[in-house]
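Trainee: The structure's right below; bear with me while I get my questions together.
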Amino acid sequence: MAARLDVRKTYKLYVGGKFPRSESGRSYEVTDAKGRFVANAAKASRKDARDAVLAARAAFAGWSGATAYNRGQVLYRVAEVMEGRHAQFAEEVARAEGLTAAKARAVVDAAIDRWVWYAGWTDKVAQVVGAANPVAGPYFNLSVPEPTGVVAVLAPQASSLLGLVSVVAPVVAGGSTCVVLASERRPLPAVVLGEVLATSDVPGGVVNLLTGVTAETAPWLASHEDVDALDLAGAAPLPGEDPTVDWGALEAAAAATLTRVVRPAGSGASGEADGAVEPDWTVLPDGPRRVLAFMETKTVWHPKGR
Amino acid sequence: MTATTPALTDRVRDVLGSTTLDDASLRRWLHGLPGVDEVGAHGRAAMLGTRSIKTTSKAWALDLAVSMVDLTTLEGADSFGTVRSLCAKARVPDADDPACPKVAAVCVYNDLVPVAVEALAGSGVKVAAVTTAFPSGRASLAVKLADTRDAVQAGADEIDMVIDRGAFLSGRYLKVFEEIVAVREVCDEAVALHGRRAHLKVILETGELSTYDNVRRASWLAMLAGGDFIKTSTGKVSPAATLPVTLVMLEAVRDWAALTGEIIGVKPAGGIRTAKDAIKHLVLVHETAGERWLDPDLFRFGASSLLNDLLLQRRRMRTGVYASPDRLTLAT
């Protein structure tokens, strides 16, 4: 019997619910933790980033307009589908991060649990941070959090799945839509997450995943007028390496178009332009901070009276 | 059938090569036109669509495209307010950039022409009205002429008429021809009223003509009858303007100019939504009809959402960052 030919997988982008190749036609080599060739991934260009923002903007009305409860159900469904792909995730994470099979499985468990944790927050954040404010006048004064819009996310460079889930889930749980730059050197778990999202009930365009060189595409997203917030988690380099992303410049570009910015961990309150480190994503967040980082507070005054 | 209907001028007789003007002679002439190579038309349109236009050429093309837009609103819900705001947008497309050109015209239903004429007075932006029982064209000739006369008297600079597709498809070419001639005569009445004639655009509604051969025939028939422009579609039927259809029509005006010396304009309308689409059309114009047609007097885009995308691209080229539609007026 003839030897069976391998059916190799083409890793593509995930934009607007579809899996396009890069508009530029480029790809780059992805290696495992030991530097051995694993696959060619699509290398997104600025135009792919632009298309992704368009897709995210188009999806925003539907996603933010869905009830919080419904968003929670949809996100929980994502966790179910991730569970079904557990083995595939574990294999990709083990290769990307150089973990043993057992440790990789534990990372995937944690990532699914993190997704469920954020799914639970969808219909609870408004109760936690919303308020009926006491005011000196005959008014009902109510504050409610609302999703900010389109969020550009630089996903963590080291933690290719748990870190990714920890930054993407809070954005979509709050009702925003996002364009995610996956870990530059460890992009493959993000591509699998894209396949999970495409086969769950998340509307196309709510999450858009781009693989490629972070320092190349990030400035276009930071300066994009139609991006409402920027998460710089992925500006922190891989442990022991020099930073390739100048997150201070990204923040400055974002400021020019009034884009909300979440600085990377370790950058300090004063915002010195280096020192970004990747936090330990296995630690459960102490509250929905990341959800609220991508929400705006709307306060309404309504006259009382009979 | 008499040998000399009023429309059988020397000009028509020369082109037609016939001393009679009837369905049979028109049919002989139109069906004698060479057939359109459909695969070739698709291939050529696709090939020209891949051409990349960069930096200064792109900036020039975007400005030209803005100046070619017939900013259109043809909804049942149109009100005085929506037309006025559209006219304000036509005068000053991008309030952030005084260098941005004005659009060519505003296109409305005929009852809203007075509103548009008032709002655009002195701006140089033309007012186009759709008439002749737009979009179906299913009304008697008397009604169509009254419809047109109404718009002409109200001060429309341009009349967009629809042909009778039912008559065209069933081979009653003379009816189509005579209707265009009659509407054109009404357009000429504008000379007495406003000191200039109203330009006539003839909408072929290519989405209903089924074949490229028919598009070519309808184009020639409309030009023979005296249309100043041939326009692809009403925008109410899908498919509307596609690149191959525009290609066939551009070939028709090119060949017509070679035959008669008359320069006829082309207006693709409907379905052109992005700056990229618009630039593809401009490439097609340049490569098919020639540079002469890269002029708002001879080429127009019938569109509404196209303008905002053109403005976003202009803004992107000016500022270096991707622009947000939030910064523009009228989200269409």
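Trainee: How big is the antiparallel share of DSSP beta bridges in the protein assembly as shown, given as a percent to the nearest 5?
Mentor: 30 percent
Trainee: Checking a compactness column here: for segment B:234-293, what do you get for Rg(Cα) / (2.2 N^0.38 Å), N being the number of residues?
Mentor: 1.14
Trainee: Same structure again: Most mobile of A:Asp123, A:Asp32, A:Asp242 per a Gaussian network model of chain A (Cα springs, under 10 Å)?
Mentor: Result: A:Asp242 has the largest fluctuation of those listed.
Trainee: Output the relative contact order of chain A, whole-number percent, from Cα pairs under 8 angstrom with separation of 6+ residues.
Mentor: Relative contact order, chain A: 23 percent.
Trainee: Could you pull out the pairs from B:Lys89/B:Lys231; B:Lys231/B:Lys280; B:Lys102/B:Lys201; B:Lys54/B:Lys236; B:Lys54/B:Lys126 whose alpha carbons sit more than 25 Å apart here?
Mentor: Details: B:Lys89/B:Lys231 23 Å; B:Lys231/B:Lys280 17 Å; B:Lys102/B:Lys201 21 Å; B:Lys54/B:Lys236 33 Å; B:Lys54/B:Lys126 30 Å.
As for pairs spanning more than 25 Å Cα to Cα, those are B:Lys54/B:Lys236; B:Lys54/B:Lys126.
Trainee: Give me a single rounded figure for B:318-324: the average over its residues of other chain Cβ atoms within 10 Å of their Cβ.
Mentor: Other-chain Cβ atoms within 10 Å of each residue's Cβ, averaged: 6.
Trainee: Please give the per residue volume of the convex hull enclosing the alpha carbon atoms of segment A:27-303, rounded to a whole number of Å³.
Mentor: Taking the convex hull of the Cα positions in segment A:27-303, it is 129 Å³ per residue.
Trainee: I'd like the distance between the alpha-carbon centres of segment A:209-252 and segment B:221-244, rounded to an integer number of Å.
Mentor: Their Cα centres are 48 Å away from one another.
Trainee: Determine, for B:His199, A:His86, the number of other Cβ atoms within 10 Å of each Cβ, and report the residues in order from fewest to most. Don't skip to the answer; put the middle values down first.
Mentor: Numbers: B:His199 21, A:His86 14.
By the 10 Å Cβ count, ascending: A:His86, B:His199.
Trainee: Counting partner chain Cβ atoms within 10 Å of every residue's Cβ in A:218-229, what's the average?
Mentor: Mean partner shielding for this stretch: 3.
Trainee: Going by how many other Cβ atoms sit within 10 Å of their own, how do A:Tyr28, B:Tyr322 line up, fewest first?
Mentor: So the residues, fewest neighbours to most, are A:Tyr28, B:Tyr322.
Trainee: Between helix B:141-153 and chain B, what is the angle of the helix's C-alpha long axis to the longest principal axis, kept within 0 to 90° and rounded to the nearest 10?
Mentor: Between the helix axis and the principal axis of chain B, the angle is about 40 degrees.
Trainee: List the lysines whose alpha-carbon lies under 17 Å from that of A:Lys298, not counting same-chain residues fewer than 8 positions away?
Mentor: Partners within reach: A:Lys124.
Trainee: State, as an integer percentage, the relative contact order of chain B based on alpha-carbon contacts under 8 Å between residues 6 or more apart.
Mentor: Relative contact order here is 18 percent.
Trainee: If you wrap segment B:163-244's Cα atoms in a convex hull and average its projection over all directions, what's the area in nm²?
Mentor: Over all viewing directions, segment B:163-244 projects a mean Cα-hull area of 5.5 nm².
Trainee: Now a separate question. Just to be sure I follow: if Rg is taken over the C-alpha atoms of the protein assembly as shown and Rh is the Kirkwood radius over the same atoms, what is Rg/Rh?
Mentor: 1.08
Trainee: Sticking with this structure for a sec: Take the alpha-carbon centre of segment B:259-286, take the same for segment B:292-312, and report the distance between them in whole Å.
Mentor: What the calculation gives is 8 Å, centre to centre.
Trainee: Can you classify segment B:40-117 as rounded, prolate or oblate using the Cα gyration tensor, where a ≥ b ≥ c are the square roots of its eigenvalues, rounded means a/c under 1.5, and otherwise it's prolate if a/b beats b/c and oblate if not?
Mentor: It comes out oblate by the Cα gyration axes.
Trainee: GNM, chain B, Cα, under 10 Å: largest mean-square fluctuation among B:Gly166, B:Gly227, B:Gly40?
Mentor: Maximum fluctuation in the GNM of chain B, among the listed residues, is at B:Gly40.
Trainee: Cα axis of helix A:214-223 to longest principal axis of chain A: angle in degrees, 0 to 90, nearest 10?
Mentor: 20 degrees
Trainee: Sticking with this one: Roughly speaking, what % of Cα-Cα pairs in segment A:99-244 are separated by over 17 Å, rounded to a whole number?
Mentor: Value for segment A:99-244 (Cα pairs over 17 Å): 65 percent.
Trainee: Now a separate question. What order do you get for A:2-9, B:112-119, A:275-282 when each peptide is scored by the mean count of other beta carbon atoms within 10 Å, highest first?
Mentor: Highest-to-lowest ranking by the protection proxy: B:112-119, A:275-282, A:2-9.
Trainee: Counting only other chains, what is the mean number of Cβ atoms within 10 angstrom of the Cβ of each residue in peptide A:252-264?
Mentor: Taking the mean over all residues of the peptide, I get 1.
Trainee: With springs connecting C-alpha atoms under 10 Å apart, model chain B as a Gaussian network and identify which of B:Ala65, B:Ala121, B:Ala269 has the largest mean-square fluctuation.
Mentor: Fluctuation is largest for B:Ala121.
Trainee: With angles folded into 0 to 90 degrees, how steeply does helix A:101-121 sit against the dominant principal axis of chain A? Use alpha carbons for both and round to 10.
Mentor: 20 degrees
Trainee: Given 10 Å bins starting at zero, what is the percent of C-alpha pairs of segment B:33-327 in each, up to the one with the largest pair distance?
Mentor: 7, 30, 36, 22, 6, 0
Trainee: Would you compute, from DSSP H runs of 4+ residues alone, the mean residue ellipticity of the protein assembly as shown at 222 nm, taking -39500 (n - 2.57) per run and dividing by the full residue count, rounded to the nearest 500?
Mentor: Here the helix-only value at 222 nm equals -13500 deg cm²/dmol.
No value in this document is a laboratory result; all are computed from the given coordinates. If you're wondering where the values come from, they're calculated on a predicted model, not measured in any experiment. For neighbour counting, all protein chains shown are included, and Cβ atoms are generated from backbone atoms with ideal geometry for every residue, glycine included.
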